[in-house]
Amino acid sequence: MNKKRILITGCRRGVGRDAAIKLASLGHHVIATVHREESVNELKLYAKDKGVSLDIFKLDIINTEDQKKLLNLDIDVLINNAAVGESGSLSEVPLSRIRRNFETNLFGTLELTQLVLKKMMKNDSGRIIFVSSIAGRLPMNFWGSYCMTKFSLSVAAEILRQELMMITKTVHISVV
């Protein structure tokens, strides 16, 4: 098996954490990132308990300083998993909360992708995976903000996939 350097955002729990553990157990070099500094040690202990080694650091995907941490990394696979979800009726949810959802789930993800993609394009190799949600295709009452961001992310990823197919056959985009 060809071992990869894989960066995963949003690894504090759930899909991100499970993917990091599984991929590391398969022998890949996994860089698992978390939103808050206090989550770093928690994930380190979890990985140790599972018998795997992860590189772990804080990465707030909408923080420019945190994004700079990726500039010197060689990444074969980027898994965009970090997301936030707001609930409440769209008739009442403050627009500031909806904007914050878009900042993380769409704009931050795209900004991070652009940073990593530049190096992948230069190396003529790589894969970027966007973790979306069925909520982006089947809207749910009281989850409108989250659903809107995931729909937008799925569309953005598909457009990026089509654009890259016209430029290169060695950098791939997937939406899951």
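The values are calculated or read from the model by the stated rules, or taken from the named source; none is laboratory data. Note that the structure is a prediction, hence the values are computed from the model and not measured. Reconstructed Cβ throughout: ideal geometry from the backbone, glycine too, with neighbour counts over all protein chains shown. Surface areas here come from the heavy atoms of the whole protein model, side chains and all, with no ligands, DNA or RNA. Shrake-Rupley method; radii C 1.70, N 1.55, O 1.52, S 1.80 Å.
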- Message: Could you go through the range 65-87 and let me know if any residue there is touching an Asp or Glu at 6+ places or on another chain (Cβ under 7 Å) and open to solvent by 30 Å² or more (accessible area, probe 1.4 Å).
- Response: no
- Query: List, please: which pairs have Cβ atoms under 6 Å, are six or more places apart or on different chains, and start with a residue in the range 35-48 that is under 18 Å from Lys69 (Cβ atoms) and outside any helix (DSSP H, G or I) and end with one that is at pLDDT 95 or above and open to solvent by less than 60 Å² (accessible area, probe 1.4 Å)?
  - Reply: His35/Asp60; Glu37/Lys58
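What about Leu112, is it in contact (Cβ under 8 Å) with a residue 60 or more places away in the chain and either β-branched (Val, Ile, Thr) or surrounded by 13 or more Cβ atoms within 10 Å (Cβ to Cβ) (or both)? Full working, then the answer.
Details: in contact (Cβ under 8 Å) with a residue 60 or more places away in the chain: yes; either β-branched (Val, Ile, Thr) or surrounded by 13 or more Cβ atoms within 10 Å (Cβ to Cβ) (or both): yes.
When the stated conditions are applied, Leu112 passes them.
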- Count of residues meeting criterion [more than 16 Å from the chain's Cα centre (by Cα) and exposed (fewer than 15 other Cβ atoms within 10 Å of the Cβ)] in the range 1-41: 10
- Query: Looking at this structure, is Glu65 more than 16 Å from the chain's Cα centre (by Cα) and either assigned to a loop (DSSP other than H, G, I, E, B) or under 19 Å from His29 (Cα atoms) (or both)?
  - Reply: no
- Query: Looking only at the range 121-174, which residues are touching a Phe, Trp or Tyr at 6+ places or on another chain (Cβ under 8 Å), of a type in the set (S, T, N, Q) and open to solvent by 70 Å² or more (accessible area, probe 1.4 Å)?
  - Reply: none
- Query: Hey, Leu45 hits all of (1) open to solvent by less than 60 Å² (accessible area, probe 1.4 Å); (2) out of contact with any Leu (no Cβ under 6 Å at 6 or more places or on another chain) but one; which does it fall short on?
  - Reply: (1)
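Looking only at residues in the range 88-107 that are of a type outside the set (S, T, N, Q) and within 21 Å of Leu59 (Cα to Cα), which one is least open to solvent (accessible area, probe 1.4 Å)? Before you say what the answer is, go through the steps one by one.
Of the range 88-107, the ones of a type outside the set (S, T, N, Q) are 88, 90, 92-95, 97-100, 102-103, 106-107.
Cutting the leftovers down to within 21 Å of Leu59 (Cα to Cα) gives us 97, 99-100, 102-103, 106-107.
Values: Arg97: 69, Arg99: 155, Arg100: 119, Phe102: 44, Glu103: 85, Leu106: 18, Phe107: 102 Å².
Only one residue tops the list, namely Leu106.
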- Of the candidates Val171, Val116, the one satisfying the condition of being touching a strand residue (DSSP E or B) at 6+ places or on another chain (Cβ under 8 Å) and over 24 Å from Asn63 (Cα atoms) is Val171
